[in-house]
Amino acid sequence: MFSRFRPGMLRAAVASRNAQRQFSVSSAARSDAIFVHRDTPQNNASISFEFDAKNMQEAKKIMAKYPPQYKKAAMIPLLHLAQKQNGWTSISVMNYVAKLIEVPPMRVYEVATFYTMFNRNPVGKYFLQVCTTTPCQLCGSSKIVEAIENHLGIKVGETTSDKLFTLVEVECAGACINAPVISVNDDYFEDLTPEATVKLLDDLKAGKPVTRGPVSGRNNCEPLGQQTTLTTPPPGPGFMVRSDL
């Protein structure tokens, strides 16, 4: 058989293999979040957590929205309520919610590690979430991040030494028309500039009252300056309709 093998056949085989369509894959995406729990002095199951009297009443209202056999449907709003009370979603918070809705703790772990709204590490008193998706990026969100980092002396993902501020980047905050935008805890601050951002941080640190919403003078998301559309009274009935109809 080998006596019949010719060099030309080898060249043809190599050419055929090279002519085949080649496939490639990108490298696996990595996350900066750790989804495996590791006990620490501030985050372990021996640290007790339970709703206070006020939040327990709120939890009962939440669970009452669902049939008794589907209490697990209340998992996300209960986790959110627990995080508001505790400041972050610890292992004790997750275990408590699991017990409350009568599901295995793993079911709660799965949800809490999937949604980025649940902070599984302690955060500062003011949780700064800067939107850096395309619309905000085009309107200068990178300068907002830079202004915060320079003013507070921290990088994205870090907390100030006084535990007042934690800075993170987030995907679309849903306020594109008022970009760039920062969410401070549950409040939005919009139409920001680096100067306005620094003033906001200083006011928060000093405990001064701050006004949420646009800092540009807009009330909501109306045009900045003079109206450019719908500037004439709307036409009445019959507009652009043939007279013989």
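The values are calculated or read from the model by the stated rules, or taken from the named source; none is laboratory data. Predicted, not measured: the structure shown is a model, and the values here were computed from it. For neighbour counting, all protein chains shown are included, and Cβ atoms are generated from backbone atoms with ideal geometry for every residue, glycine included. In case anyone asks, the SASA skips ligands and DNA or RNA and just uses the protein heavy atoms, side chains included. Shrake-Rupley method; radii C 1.70, N 1.55, O 1.52, S 1.80 Å.
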- What number of residues within the range 53-72 satisfy the criterion of being open to solvent by 70 Å² or more (accessible area, probe 1.4 Å), part of a loop (DSSP other than H, G, I, E, B) and not aromatic (Phe, Trp, Tyr)? 2
- Task: Take Lys205 and decide whether it is open to solvent by 100 Å² or more (accessible area, probe 1.4 Å), without any contact (Cβ under 8 Å) to a residue 12 or more places away in the chain, closer than 30 Å to Pro122 by Cβ and not polar (S, T, N, Q).
- Result: no
- Query: If the Cβ limit is 6 Å and pairs must be 6+ apart or interchain, which residue in the range 131-154 that is over 20 Å from Cys176 (Cα atoms) and modelled with pLDDT of 95 or more pairs with which residue that is outside any helix (DSSP H, G or I) and open to solvent by 60 Å² or more (accessible area, probe 1.4 Å)?
  - Reply: Glu149/Lys155
- Considering Thr197, Thr166, which residue is among the hydroxyl-bearing types (Ser, Thr, Tyr), open to solvent by less than 60 Å² (accessible area, probe 1.4 Å), in a helix (DSSP H, G or I) and modelled with pLDDT of 90 or more? Thr197
- Message: Need pairs with beta-carbon distance below 7 Å; first residue more than 11 Å from Leu100 (Cβ to Cβ) and within the range 52-75, second at pLDDT 95 or above and exposed (fewer than 11 other Cβ atoms within 10 Å of the Cβ); sequence gap 6+ or separate chains.
- Response: none
- Query: When you go through Ala33, Ala28 one by one, which is the residue that is part of a loop (DSSP other than H, G, I, E, B), modelled with pLDDT under 55, open to solvent by less than 100 Å² (accessible area, probe 1.4 Å) and among the aliphatic types (A, V, I, L, M)?
  - Reply: Ala28
- Message: For the condition assigned to a helix (DSSP H, G or I) and among the polar types (S, T, N, Q), what is the one hit in Gln129, Gln85?
- Response: Gln85
- Query: When you scan the range 73-100, how many residues do you find that are touching a helix residue (DSSP H, G or I) at 6+ places or on another chain (Cβ under 6 Å), surrounded by fewer than 19 Cβ atoms within 10 Å (Cβ to Cβ) and farther than 23 Å from Ser46 by Cα?
  - Reply: 1
- Message: So for the range 215-236 (the condition being in a helix (DSSP H, G or I), among the β-branched types (Val, Ile, Thr) and either open to solvent by 70 Å² or more (accessible area, probe 1.4 Å) or closer than 29 Å to Asn119 by Cα (or both)), does at least one residue qualify?
- Response: no
- Can you name the condition, by its number, that Gln137 falls short on among (1) part of a helix (DSSP H, G or I); (2) buried (at least 18 other Cβ atoms within 10 Å of the Cβ); (3) not aliphatic (A, V, I, L, M)? (2)
- All positions within the range 101-121 that are open to solvent by less than 60 Å² (accessible area, probe 1.4 Å) and among the basic types (Lys, Arg): Arg120
- Applying the selection to the range 177-192, what residues are surrounded by 16 or more Cβ atoms within 10 Å (Cβ to Cβ) and assigned to a loop (DSSP other than H, G, I, E, B)? Ala179, Pro180, Val181, Asp191, Leu192
